[in-house]
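A short write-up of the structure that comes next.
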Amino acid sequence: MAKRSKIAQAAYDIAKPEAEKLGLELVDAEFKKEGTKTFLRLFIDKKGGLQIDDCETFSRLIDPILDEQLKHDADYFEVSSPGLTRPLTEASDFRRYTDEKIEVSLFKETNGVKSFLGRILEVTDETVVFEYEEAKEIKKTELKYEEIARAVRHIEF
């Protein structure tokens, strides 16, 4: 699951319900120092894909709310897409990509496999069920989130 700084978590908690009002999903928040400047970034997504207008609309809505409610000012504020291949870290990430191909790496070998290309079949708050092919045989595995070292969407061009 995502690890956020206290400021990023506070921004996330404030922004999440506002994003939902617009039919958007707040995917993550980060508060980062880059050089001498600080950045607050909110990452949004929506089913069917995000448009630049979505980022602009959400930014205009949430900026004054964060100014009023967040107890820390960043030098820069950005609203962005999380990107096609950002790591999946939350149950909501896995739910969003149910039935899609995912590249999965595990912390330790499970059922003789440490990494695989699989399809998400089912997602709960504690586990993800994947289907993958091994030696021309279709297999299923249920994994707890803490067993997954890295999971990203598999993008075919």
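Taking the stretch 64-75 only, how many residues are surrounded by 13 or more Cβ atoms within 10 Å (Cβ to Cβ) and modelled with pLDDT under 90?
Residues flagged as surrounded by 13 or more Cβ atoms within 10 Å (Cβ to Cβ) and modelled with pLDDT under 90 within the stretch 64-75 amount to 1.
Answer with yes or no whether residue 89 is under 29 Å from residue 145 (Cα atoms) and either crowded, with 17+ Cβ neighbours inside 10 Å or polar (S, T, N, Q) (or both).
Here the answer is yes, as residue 89 does meet what is asked.
Go through 25, 78 for me and flag whichever is over 30 Å from residue 143 (Cβ atoms), among the acidic types (Asp, Glu), out of contact with any Cys (no Cβ under 7 Å at 6 or more places or on another chain) and surrounded by 11 or more Cβ atoms within 10 Å (Cβ to Cβ).
Sole residue among the options that is over 30 Å from residue 143 (Cβ atoms), among the acidic types (Asp, Glu), out of contact with any Cys (no Cβ under 7 Å at 6 or more places or on another chain) and surrounded by 11 or more Cβ atoms within 10 Å (Cβ to Cβ): 78.
Is it the case that some residue within the stretch 66-85 is of a type in the set (D, E, K, R), closer than 19 Å to residue 148 by Cα and under 18 Å from the mean Cα position of the chain (by Cα)?
Within the stretch 66-85 (the criterion being of a type in the set (D, E, K, R), closer than 19 Å to residue 148 by Cα and under 18 Å from the mean Cα position of the chain (by Cα)), the answer is no, since none of the residues qualifies.
Which residues, taken from the stretch 16-30, are free of Cβ contacts under 8 Å to residues at least 40 places away in the same chain and either assigned to a strand (DSSP E or B) or more than 14 Å from residue 57 (Cβ to Cβ) (or both)?
16, 17, 26, 29, 30
Yes/no matrix, rows are residues, columns are (1) of a type in the set (Phe, Trp, Tyr); (2) more than 30 Å from residue 116 (Cβ to Cβ):
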residue: 15; (1), (2): no, yes
residue: 20; (1), (2): no, yes
residue: 53; (1), (2): no, yes
residue: 58; (1), (2): yes, yes
residue: 62; (1), (2): no, yes
residue: 88; (1), (2): no, no
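Just one of the numbered conditions (1) more than 26 Å from residue 155 (Cβ to Cβ); (2) modelled with pLDDT of 95 or more is not true of residue 41; which one?
Of everything listed in (1) more than 26 Å from residue 155 (Cβ to Cβ); (2) modelled with pLDDT of 95 or more, residue 41 misses just condition (1).
Return yes when residue 79 is assigned to a strand (DSSP E or B) and either more than 26 Å from residue 157 (Cβ to Cβ) or modelled with pLDDT under 95 (or both) and no when it is not.
Spelling it out, residue 79 is indeed assigned to a strand (DSSP E or B) and either more than 26 Å from residue 157 (Cβ to Cβ) or modelled with pLDDT under 95 (or both).
The values are calculated or read from the model by the stated rules, or taken from the named source; none is laboratory data. Since the model is a prediction, treat every value here as computed from it, not as a measurement. Cβ: placed from backbone, ideal geometry, glycine included. Neighbour counts: every protein chain shown.
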